[in-house]
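I have placed the structure first, in the form of structure tokens, so that the comments after it can refer back to it.
Just so it is clear, none of the values below were taken in a lab; they were calculated from the coordinates. Just so it is clear, the model here is predicted, and its values are computed rather than measured. Here the Cβ positions follow ideal geometry from the backbone for every residue, glycine too, while neighbour counts run over all protein chains shown.
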Amino acid sequence: MLKNVKFEKSVFDRSNLIVTDMPQIVLVGKSNVGKSSFINAICNQKKLAKVGQTPGKTRSINYYNVDNTFYIVDLPGYGYSTMSEKEKVKINKLIDQYISNTKEIKHIYFLVDIRNVPSKNDRQMYEWLLSKNIPFSIIATKADKIAKTKMNDYTNVISKELFAKEKILPFSSDKKINIDVVCNEILDMIENK
């Protein structure tokens, strides 16, 4: 687990982005994919990140400070929310400005729901990540909702739909599936900066 993690700041526009030389681990994914639960699980805290009842509540970039060593940065979710087009454009611009102007991004975790066939939005996100030339991994959340024997079938569907060459890691916040794998991976990346 990641230790000494605290919420630091929510950012709604570019002028408030944190300027730091600390490495950053970034999370992207659909509005209800479980990014907040993912953060709470890897940090072993129940209420660090607020888990929204309605998808699309997060409209800010949220920074979590890990032991004053690196940041976990949660980007606004996409796809489900009832946002106006104007709000969507504003958020997309904020995300793009953050990614384009932050040299300290070490890795991006792209979260998808293991139970769902990736949507058009997911494919766009995958292609966008490829275009950014930043190392990323795909995490299939909510893996506790399917039988262990079916996990490979479901991750294969995701790979096929996204045309992804990356290995897809099943993950569950509730059942602690692969939490240690993710935490160790993050700590390795930070130590080898």
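How many residues, within region 106-130, are of a type in the set (A, V, I, L, M, F, W, C), over 21 Å from residue 186 (Cβ atoms) and outside any helix (DSSP H, G or I)?
So the count comes out to 1.
Just a yes or no: is a residue in region 78-85 touching a Phe, Trp or Tyr at 6+ places or on another chain (Cβ under 7 Å) and not polar (S, T, N, Q)?
Filtering region 78-85 for residues touching a Phe, Trp or Tyr at 6+ places or on another chain (Cβ under 7 Å) gives none.
There is no residue in region 78-85 that is touching a Phe, Trp or Tyr at 6+ places or on another chain (Cβ under 7 Å) and not polar (S, T, N, Q).
Scan region 132-146 and tell me whether some residue there is assigned to a helix (DSSP H, G or I), under 27 Å from residue 103 (Cβ atoms) and without any contact (Cβ under 8 Å) to a residue 60 or more places away in the chain.
yes
When you look at residue 4, is it of a type in the set (S, T, N, Q), closer than 25 Å to residue 174 by Cβ, touching a residue at least 60 places away in the same chain (Cβ under 8 Å) and surrounded by 19 or more Cβ atoms within 10 Å (Cβ to Cβ), yes or no?
On the way: of a type in the set (S, T, N, Q): yes; closer than 25 Å to residue 174 by Cβ: yes; touching a residue at least 60 places away in the same chain (Cβ under 8 Å): yes; surrounded by 19 or more Cβ atoms within 10 Å (Cβ to Cβ): no.
No, not satisfied.
Would you confirm whether any residue within region 97-117 is more than 30 Å from residue 192 (Cα to Cα), touching a residue at least 60 places away in the same chain (Cβ under 8 Å) and touching a Gly at 6+ places or on another chain (Cβ under 7 Å)?
no
Only residues in region 58-80 that are closer than 19 Å to residue 42 by Cα and in contact (Cβ under 8 Å) with a residue 40 or more places away in the chain count as the first member; pair them with residues that are among the polar types (S, T, N, Q) and part of a strand (DSSP E or B), Cβ under 7 angstrom, at least 6 apart or cross-chain, and list the lot.
Partner pairs satisfying both residue conditions: 62/10; 70/24; 71/24; 71/65; 73/24; 74/62.
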